[in-house]
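First comes the structure, then the notes that go with it.
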Amino acid sequence: MIEIEDCCGGLPPGKVEEAFAPFVRLDNRQSGFGLGLAIAKQAVDAHGGSIRVQNLPRA
Ligand SMILES: Nc1ncnc2c1ncn2[C@@H]1O[C@H](COP(=O)(O)OP(=O)(O)OP(=O)(O)O)[C@@H](O)[C@H]1O
Ligand SMILES: [Mg+2]
């Protein structure tokens, strides 16, 4: 299991699963094509794994 945590300000509520769809960007805070998470999911799925994302309240 690989776990990555950052302090990004979180994802919009109800949009978490959409983040894995190709060319979907949930905010305009930084540049990008909306491909990073889609490519990661396809690679993980191809190897029989699972990938998920969750919002955590600030400690
Ligand atoms: N670490 C993160 N923190 C907060 N939001 C994120 C994070 N990673 C992704 N997201 C959200 O999910 C969306 C999709 O992420 P994804 O990595 O697929 O695309 P991107 O980062 O916008 O562009 P790319 O990865 O192609 O450069 C982002 O636009 C952003 O809204
Ligand atoms: Mg990205």
Look through 2, 51 and report the one residue that is more than 12 Å from ligand 2 (Cβ to nearest atom) and in contact with a helix residue (DSSP H, G or I) (Cβ under 9 Å, 6 or more places away or on another chain). 51
What residue, among those in the range 12-22 that are open to solvent by 70 Å² or more (accessible area, probe 1.4 Å) and in a helix (DSSP H, G or I), is farthest from ligand 2 (Cβ to nearest atom)? 17
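Listed here are the residues, each with its yes/no results for (1) more than 10 Å from the chain's Cα centre (by Cα); (2) at negative phi; (3) exposed (fewer than 10 other Cβ atoms within 10 Å of the Cβ).
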| residue | (1), (2), (3) |
| --- | --- |
| 3 | yes, yes, yes |
| 10 | yes, no, no |
| 38 | no, yes, no |
| 45 | yes, yes, no |
| 48 | yes, no, yes |
| 51 | no, yes, no |
From 29, 25, 58, grab the single residue that is surrounded by 10 or more Cβ atoms within 10 Å (Cβ to Cβ) and either at positive phi or not polar (S, T, N, Q) (or both). 25
Being within 9 Å of ligand 1 (Cβ to nearest atom), farther than 17 Å from residue 12 by Cβ, of a type outside the set (Gly, Ala, Ser) and outside any helix (DSSP H, G or I) is the filter here; which residues of the range 25-48 pass it? 33, 35
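The values are calculated or read from the model by the stated rules, or taken from the named source; none is laboratory data. Because the structure is predicted, anything quoted here is derived from the model rather than measured. Note that each Cβ is placed from the backbone with ideal geometry, even for glycine, and that neighbours are counted across all protein chains shown. Quick note on the areas: whole protein, heavy atoms, side chains included, nothing else; ligands and nucleic acids left out. Shrake-Rupley method; radii C 1.70, N 1.55, O 1.52, S 1.80 Å.
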